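What follows is a single structure, written as structure tokens, with notes after it.
The values are calculated or read from the model by the stated rules, or taken from the named source; none is laboratory data. This one's a predicted model, so the numbers in the text were calculated from it and none came from an experiment. Please note: Cβ atoms are built from the backbone with ideal geometry, for glycine as well, and neighbour counts cover all protein chains shown. For the accessible areas, the whole protein counts, side chains as well, though only heavy atoms, and no ligand, DNA or RNA atoms are used. Shrake-Rupley method; radii C 1.70, N 1.55, O 1.52, S 1.80 Å.
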Amino acid sequence: MNDKALNTLEYHKVIDLLTELAGSAGGKEMCRKTTPLKDIDTINIAQEQTENALTRIFKHGIPSFRGAKDVRESFLRLKVGSSLGIRELISVSELLGCAASVRNYNEEVEDSLTGMFLELCPLDDIKRDIDRCIISEEEISDDASPGLKQVRRAIKNTNSKVHEQLNSILNFQRTLLQEAIITMRNGRYCLPVKAENKSSFPGMVHDQSATGSTLFIEPMAVVKLNNELKELELKEHEEIEKVLAALSEKVSFQSDIILNNLRILTVLDYIFARGALAKNMNASRPVFNNRGYINLKKARHPLIDPKAVVPIDVYIGDEFRHLIITGPNTGGKTVTLKTVGLLTLLGQSGLHIPTLFNSELSVFDEVFADIGDEQSIEQSLSTFSAHMTNIVDILKEADDRSLVLFDELGAGTDPIEGAALAIAILSDLLNKNITTLATTHYSELKLYALSTEGVENASCEFNVETLKPTYHLLIGIPGKSNAFAISGKLGLPKYIIDDADSRIDNDNRHFEDVLGDIEADRIEIEKQKAEIEEARKEITELRRKIKEKYDKIDKNKEKILRRANEEARDILQNAKDEADKAIRQANKLMQSSGSTKDLEQTRSRLGKNIAGKDSALTERNKKQNYKKVDAGALHIGDEVHVISLGLDGTITSLPDSDGTVGVQMGILSSNVKVSDITLKASDSTAKEPKDSRVTTSGYKLSKAANIHPELNLIGKRVDEALTLLDKYLDDAYLSHLAQVTIIHGRGTGALKNAVHSHLKHVSYVKSYRIGEYGEGDHGVTIVTFK
């Protein structure tokens, strides 16, 4: 692509945004060197990589590539047998650590990036050796080698001896010293001695103060020890060199793998920078073709504030090859040109573009743009000449694989000659089948587009009422001149506007009237379209609400049925328990030759128990607003509902003095209280009341249906969180959940520690652990029950 088009369309500004998102020096360099591609297969591969990176970013965030240090220059020295320095070995360690981190970032999916992730080889043993030996850029660990450890131990011991000797001298010869301190001069321990006491203090003079009153003398008693220290320091340096040489040898042996890791990390950094840019721009992958066809849906210029930019729909290259855009100044014509050109360049660079999904772009070998930033009506001849020189170059180089963008084609000279030149230039490009977009104010170009096959009009909408452009692009509609309307709104006298209108020939006036009618019809169609769309949205919302209502009914139905089954099971179980108990007592009485009176007492006790139950049910059912039955209004054969049993039946006998009636319920015949029945024919036909009793089995069923496998404690105080945790663990365990997740966040770690401390004392907790990558890491704890 020619540099002029790249600069005119501000391509490099987007590339700067891309470069900022890369983490490594190599990745940033690849970003800076990004240029549009020309092979459609290569472009699609790059687009797929960007799409896969964007998908991974949405799922797991952006991996860090800051540790991908460029070690290529250091490895050149390795090839000639040199050793690496401490800083260089640290860079190798950081590179291997970055490789390990990025490889762990990979998930179990198959996409265009999987192969690169799997090709990374972290070489953990080399990284461990480097980290073990090198503490920082200034310090090698004592444990780097046995020899180094021994030498440093000797240095420590010798230093202690030196200090003992010097402290002894300080104590016994204090009067000879300027100060009672131990100092270093030229790497040797010295004492500050008064100049007049030089002859009384045997030793070697290494320095003196600025005034000459103090001499820094190395006492003879420590000269030998200082010499030993010097020798030990040399040995220490030799041992360090041996350690660095040993590490360098290991690195050299795996240099090809390390350099391959660097290459892969650099490429991945570049790809994920493209994905991050797509996320920031809310961009999508375009579909590419070789037909010269462009169809951008809700396209946005990436350098305009997303809150201010107005999306546009642009298509060209199918039914027409040329698009002539007209409209008022500052109405968005130039932005439209730059948007089409810039998005074409970005798409061919493997970058996603800020449009809706399935927007289409064509692959062009060249993009030419003659777009001037100067919008003044007082354009000089030199400006016209500069534009024409650029147009001449474009006409020489453009072919059917080119995209050409003209802003104000033919402007800057006599309008008649300028319009004629513009039409001639466009005709030449159309004959060469070159995709072209041009903006203009000339009416002649509107007529040219209307009368020429393969050329289409478009306009930037303008609101005459507000005197402001809407920035919407309308394809198929030429722009109407709004000079008279705008002038009137701004206060120009009507008689002057009428005079100007009378000076326009009938053909031009008729043409403007036709454009006005077209615009009015378009506005009416847009209004009707908006009303239809609003009605469609209302219908969709109504459908959604109706579906939610039916879903809620179905859900409640399931709950009611499940609760009824649980209650029925309770009733049957209680009945069985009472019957078994009665049988056991009857057998016991019979075996002990008990009297009939004892049996009657047992039967009476059971009857009272059942009556008590019935009374409780009846009392509760009163709260259900069942309609009371008048005993005198009952007749044999009336159909009734027995509330306590939840059964329908027929009256077989009228109420006695105790208010008891006989009811036949299928094969079951029973005497029940009048207060426990309601007429079936009534509108308030009784339904089985909800029983508030919940058995252990019922508890488990209900809890298991509602308990969630996660508990979020973020934002809770420790005491409040532990209360919630304790209840939640009980519910989850009784619901037979095998494993749950406790979300406590990272924070200061106080909440996590409190949760772990509590879990230690829960008897039914089998184990717990910190979450792994993808589960929430250190922000969650996974609990497993026994």
**Message:** Filter the stretch 54-105 down to the residues that are touching a residue at least 12 places away in the same chain (Cβ under 8 Å) and among the β-branched types (Val, Ile, Thr) and list them by number.
**Reply:** Thr55, Ile57, Ile62, Val71, Ile86, Ile90, Val92, Val102
**Complete:** When (1) open to solvent by less than 90 Å² (accessible area, probe 1.4 Å); (2) over 23 Å from Pro122 (Cα atoms); (3) in contact with a Ser or Thr (Cβ under 9 Å, 6 or more places away or on another chain); (4) outside any loop (DSSP other than H, G, I, E, B) are applied to Ile45, the one that fails is (1)
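Looking at His761, His756, His744, which is the one that is free of Cβ contacts under 8 Å to residues at least 12 places away in the same chain and of a type outside the set (Val, Ile, Thr)? Working first, answer last.
Details: His756 fails: free of Cβ contacts under 8 Å to residues at least 12 places away in the same chain; His744 fails: free of Cβ contacts under 8 Å to residues at least 12 places away in the same chain.
That would be His761, the only listed residue that is free of Cβ contacts under 8 Å to residues at least 12 places away in the same chain and of a type outside the set (Val, Ile, Thr).
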**Complete:** Within the stretch 266-300, residues more than 23 Å from the chain's Cα centre (by Cα) and outside any strand (DSSP E or B) come out as Asn290, Arg291, Gly292, Tyr293
**Prompt:** Taking the stretch 466-500 as the search range and keeping residues that are exposed (fewer than 12 other Cβ atoms within 10 Å of the Cβ) and charged (D, E, K, R), which one is modelled with the lowest pLDDT?
**Reply:** Asp498
**Request:** Could you run through the stretch 727-745 and say how many residues are small (Gly, Ala, Ser) and open to solvent by 20 Å² or more (accessible area, probe 1.4 Å)?
**Result:** 1
**Prompt:** Within the stretch 102-121, is there a residue that is touching a Lys or Arg at 6+ places or on another chain (Cβ under 7 Å) and either farther than 26 Å from Tyr773 by Cα or not in a helix (DSSP H, G or I) (or both)?
**Reply:** yes
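So, in the stretch 439-464, how many residues would count as being open to solvent by less than 30 Å² (accessible area, probe 1.4 Å) and part of a strand (DSSP E or B)? Working first, answer last.
So the first thing to find is which residues in the stretch 439-464 are open to solvent by less than 30 Å² (accessible area, probe 1.4 Å), and the list is 439-440, 445-446, 448-449, 454-455, 457-460.
With the extra rule that they be part of a strand (DSSP E or B), the set shrinks to 439-440, 455, 457-460.
Total satisfying the criteria: 7.
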**Prompt:** Quick one: what pairs do we get from the stretch 713-733, first residue closer than 18 Å to Gly749 by Cα, second open to solvent by 50 Å² or more (accessible area, probe 1.4 Å) and acidic (Asp, Glu), C-beta under 9 Å, 6+ apart or different chains?
**Reply:** Leu713/Glu720
**Fill in**
Given the conditions (1) open to solvent by 20 Å² or more (accessible area, probe 1.4 Å); (2) under 24 Å from Thr55 (Cα atoms), every one holds for Thr114 apart from (1)
**Message:** Being open to solvent by less than 60 Å² (accessible area, probe 1.4 Å) and at pLDDT 85 or above is the filter here; which residues of the stretch 697-717 pass it?
**Reply:** Leu711, Leu713
**Prompt:** What number of residues within the stretch 195-208 satisfy the criterion of being open to solvent by 50 Å² or more (accessible area, probe 1.4 Å), over 18 Å from Val162 (Cα atoms) and in contact with a helix residue (DSSP H, G or I) (Cβ under 8 Å, 6 or more places away or on another chain)?
**Reply:** 2
**Message:** Taking the condition of being under 24 Å from Leu342 (Cβ atoms), open to solvent by less than 10 Å² (accessible area, probe 1.4 Å) and out of contact with any helix residue (DSSP H, G or I) (no Cβ under 8 Å at 6 or more places or on another chain), how many residues in the stretch 397-426 meet it?
**Reply:** 1
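Looking at Leu277, Leu268, can you tell me which residue is more than 30 Å from Arg401 (Cβ to Cβ) and at pLDDT 95 or above? Even if it seems obvious, please write down each step before you answer.
Numbers: Leu277 fails: more than 30 Å from Arg401 (Cβ to Cβ).
Criteria check complete, one pass: Leu268.
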**Asked** Taking the stretch 209-235 on its own, how many of its residues are surrounded by fewer than 17 Cβ atoms within 10 Å (Cβ to Cβ) and outside any helix (DSSP H, G or I)?
**Response** 5
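With respect to Ser82, determine if the residue is closer than 18 Å to Ala246 by Cβ and in contact with a helix residue (DSSP H, G or I) (Cβ under 6 Å, 6 or more places away or on another chain).
On the way: closer than 18 Å to Ala246 by Cβ: yes; in contact with a helix residue (DSSP H, G or I) (Cβ under 6 Å, 6 or more places away or on another chain): no.
So Ser82 fails the test.
Kindly indicate whether Ile62 is under 25 Å from the mean Cα position of the chain (by Cα), among the aliphatic types (A, V, I, L, M), at pLDDT below 95 and within 30 Å of Pro354 (Cβ to Cβ).
Working: under 25 Å from the mean Cα position of the chain (by Cα): yes; among the aliphatic types (A, V, I, L, M): yes; at pLDDT below 95: yes; within 30 Å of Pro354 (Cβ to Cβ): yes.
Considered against the rule, which asks whether it is under 25 Å from the mean Cα position of the chain (by Cα), among the aliphatic types (A, V, I, L, M), at pLDDT below 95 and within 30 Å of Pro354 (Cβ to Cβ), Ile62 comes out as yes.
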**Asked** Residues in the stretch 766-783: is at least one touching a strand residue (DSSP E or B) at 6+ places or on another chain (Cβ under 7 Å) and farther than 30 Å from Gly61 by Cβ?
**Response** yes
**Asked** Is it the case that the stretch 231-244 has a residue that's more than 30 Å from Phe75 (Cα to Cα) and not hydroxyl-bearing (Ser, Thr, Tyr)?
**Response** yes
**Request:** Return yes or no: is Ser675 in a helix (DSSP H, G or I), modelled with pLDDT of 50 or more and surrounded by 14 or more Cβ atoms within 10 Å (Cβ to Cβ)?
**Result:** yes
**Residues being in contact with a strand residue (DSSP E or B) (Cβ under 6 Å, 6 or more places away or on another chain) and of a type in the set (Phe, Trp, Tyr) - total across the stretch 181-208** = 1
**Prompt:** What strands (runs of 3 or more DSSP E) lie completely within the stretch 704-786 and have 2 or more residues being over 29 Å from Ser101 (Cα atoms)?
**Reply:** 765-770
**Asked** Name the pairs whose Cβ atoms lie under 9 Å apart, with the first residue in the stretch 768-786 and closer than 10 Å to Val740 by Cβ and touching a residue at least 40 places away in the same chain (Cβ under 8 Å), the second open to solvent by 50 Å² or more (accessible area, probe 1.4 Å) and basic (Lys, Arg), and 6 or more positions between them or separate chains?
**Response** Thr781/Lys752; Thr781/Arg769; Ile782/Arg769; Val783/Lys766; Val783/Arg769; Thr784/Lys766; Thr784/Arg769; Phe785/Lys766
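Tally up the residues in the stretch 1-33 that are of a type in the set (Ser, Thr, Tyr) and either open to solvent by 10 Å² or more (accessible area, probe 1.4 Å) or more than 28 Å from Asp70 (Cβ to Cβ) (or both), please.
2
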**Search result, residues across the stretch 166-192 that are surrounded by 15 or more Cβ atoms within 10 Å (Cβ to Cβ) and assigned to a helix (DSSP H, G or I)** = Leu166, Ile169, Leu170, Leu176
**Asked** Of everything in the stretch 236-266 that's open to solvent by 30 Å² or more (accessible area, probe 1.4 Å) and touching a Gly at 6+ places or on another chain (Cβ under 8 Å), which residue is farthest from Arg103 (Cα to Cα)?
**Response** Glu239
